[in-house]
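In what follows, a single structure is set out as structure tokens and then discussed.
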Amino acid sequence: MAATWNQVTMDASTGGLNIGGKVLHPLWLRERVIEPDALDPISHQRLYEPAELRPDISIKTIKSSDNGPNLDVEFSDGYKAVFNLNKLACEIGLADNPENIPQPKSWKTSLEFKRFSWNKLDDPTEMKDLLTAYFENAFCIMDDTPTDRDSLIDHAERFGFLRTTNFGAIFNVETKPAATDLAYTDVALASHTDNPYRLPVPSIQYLHCLANEVSGGLSTLVDGMAVAEAIADENQAWGDILEKVPVRFRYEGPTGIYEDMAPLIARDYRGFVNHIRFSPRLDFVPALDPDTLSLFYAARRRMHELANDLAFQIQFPFKPGTLLMMNNYRLFHGRTAFNGQQGYRHLQGCYIDHDGPQCLYRLLATGDTDTHIKRET
Ligand SMILES: [Fe+2]
């Protein structure tokens, strides 16, 4: 709902503004000036240092010249500016902001989800639907993608920019001798998150199927948010210790030693679980006192059980052209075993950062019809 002129008054006690009962500090308003002498029209960067504004600034007068969304404000130092009421209302939560990224929704095995066809993603509405599903569920599945070797680079760069690691810009998931990671064998992979030893941890993972002649090897996904909620519901002390104890994750291989320390569960400023780290073959808890460690081990055991519990898990096969996009900070992923002698199975994977799909969503929300992330030249 948009804000209206009659919801706006000056606030005498602060020298600021009152919109619909929300009092805005005069400096807060002054920092949102968009006049050409204050804001670069292309980069939208301020042309002044906001910390150097007079601290005692206040609002002198307000009026609405059009009785509509534009609000004319004169500040105590004589500076005059026009503000868009609807824009202010969006920022303070009085109106829905179309740029807001859809909030996560935890899910279990009964989740019903839509699969998207790559061929329809030039339609901005379809792409926005896909991104909405991704932000809510932390994954989405696309079909009908081209299956040329390394075409994943183009597919992923539609959404963001590649995060290269010592495994390369893209990695091949196929059985091979002397594998440097269990992913490159045909054994089952229990639920885990990727690369918690890296700083920063890779954000979004893509898995792209080029060939699959085996019957097993189903991909498994589990929502870390749902698991964290279930653990805390069962035993708050378990939930707390998983957010408190920093664990050392370490990868040591032929090309490097990577290490970082962080708790298994972290939350964002809103309280949403926003980072699960779970890689039981690579984690090393500090030598804490035995009582603390007993509690930690019990909590981690429960996390392992729920992360591999079919009640929390969805499974799906990869067929050539299937492209999975998943949030490595929220989902556990794994795979069922298969027989590598049965036939050829070849997936390629890569990572991008969180901000790419968020940027694409905001552009689409503001009416942009380009369904590809843009790169400055
Ligand atoms: Fe993995």
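A short reminder: the numbers here are calculations on the coordinates, not readings from a lab. Fair warning: this is a prediction, and the values are worked out from it, not measured in the lab. Every residue, glycine as well, gets a Cβ built from its backbone with ideal geometry; the counts of neighbours run over all protein chains shown.
Quote the charge dipole size of the range 223-377 about the Cα centre in Debye, to the nearest 20; the model charges only the Cβ of Lys and Arg (+1) and of Asp and Glu (-1). Display every interim value, and only then the final one.
On the way: 17 positive and 20 negative charges, 107 e Å.
That gives a dipole near 520 debye.
Enumerate by residue number the trypsin sites (Lys or Arg not before Pro) in the range 258-341 meeting two conditions: DSSP loop (anything except H, G, I, E, B), and at most 13 other Cβ atoms within 10 Å of the site's Cβ. Each step should come with its number before you reach the end.
On the way: sites: Arg267, Arg270, Arg277, Arg281, Arg300, Arg301, Arg302, Arg330, Arg335; in loops: Arg270, Arg277, Arg281, Arg330.
For trypsin sites (Lys or Arg not before Pro) across the range 258-341 that sit outside H, G, I, E and B with at most 13 neighbouring Cβ atoms in 10 Å, the list reads Arg270, Arg281.
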At most 15 other Cβ atoms within 10 Å and a DSSP loop assignment: could you name the chymotrypsin sites (Phe, Trp or Tyr not before Pro) in the range 251-320 that fit?
Tyr269, Phe272
In the chain, once you exclude exposed GluC sites (Glu not before Pro) (DSSP loop, at most 16 other Cβ within 10 angstrom), what's the longest stretch remaining?
214-375
Nearest-ten-degree value, helix 290-307 long axis tilted from longest Cα axis of the chain
80 degrees
Picking from Pro202, Tyr134, Ala299, whose Cα lies most toward the positive end of the charge dipole for the chain (charges on Cβ: Lys, Arg +1; Asp, Glu -1)?
Ala299
Round to the nearest 10 and give me the degree value, 0 to 90, for the angle of helix 355-365's Cα axis relative to the longest principal axis of the chain.
50 degrees
Select from the range 84-141 those trypsin sites (Lys or Arg not before Pro) which occupy a DSSP coil region and have at most 15 other Cβ atoms within 10 Å, ordered by residue number.
Lys105, Lys114, Arg115
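At a temperature of 10 °C and a viscosity of 1.306 mPa s, determine how fast the chain diffuses translationally according to Stokes-Einstein, using the Kirkwood radius over alpha-carbon pairs as Rh; express D in µm²/s, rounded to the nearest whole number. List each step's numbers first, then the result.
Values: Rh = 23.8 Å.
Answer, rounded: 67 µm²/s.
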Step through the table entries Lys105/Lys128; Lys87/Lys374; Lys105/Lys374; Lys22/Lys63, compare each Cα-Cα distance with 21 Å, and write down the pairs that go over it.
Lys87/Lys374; Lys105/Lys374
Per the helix-only calculation at 222 nm, which mean residue ellipticity applies to the chain, given -39500 (n - 2.57) for every DSSP H run of n ≥ 4 and division by its residues, nearest 500 deg cm²/dmol?
-6000 deg cm²/dmol
Between helix 124-137 and the chain, what is the angle of the helix's C-alpha long axis to the longest principal axis, kept within 0 to 90° and rounded to the nearest 10?
70 degrees
Name the residue farthest towards the positive end of the dipole of the chain from the options Val227, Phe116, Ile42, assuming +1 on Cβ of Lys and Arg, -1 on Cβ of Asp and Glu, about the Cα centre.
Val227
For Lys319, the lysines lying under 24 Å Cα to Cα, once residues fewer than eight places off in the same chain are dropped, come out as Lys108, Lys114, Lys120, Lys176
Fraction of beta bridges assigned by DSSP in the range 40-191 that are antiparallel (%, nearest 5):
85 percent
Return a whole-number percent for the relative contact order of the range 216-284, with Cα pairs under 8 Å and 6 or more residues apart as the contact set.
27 percent
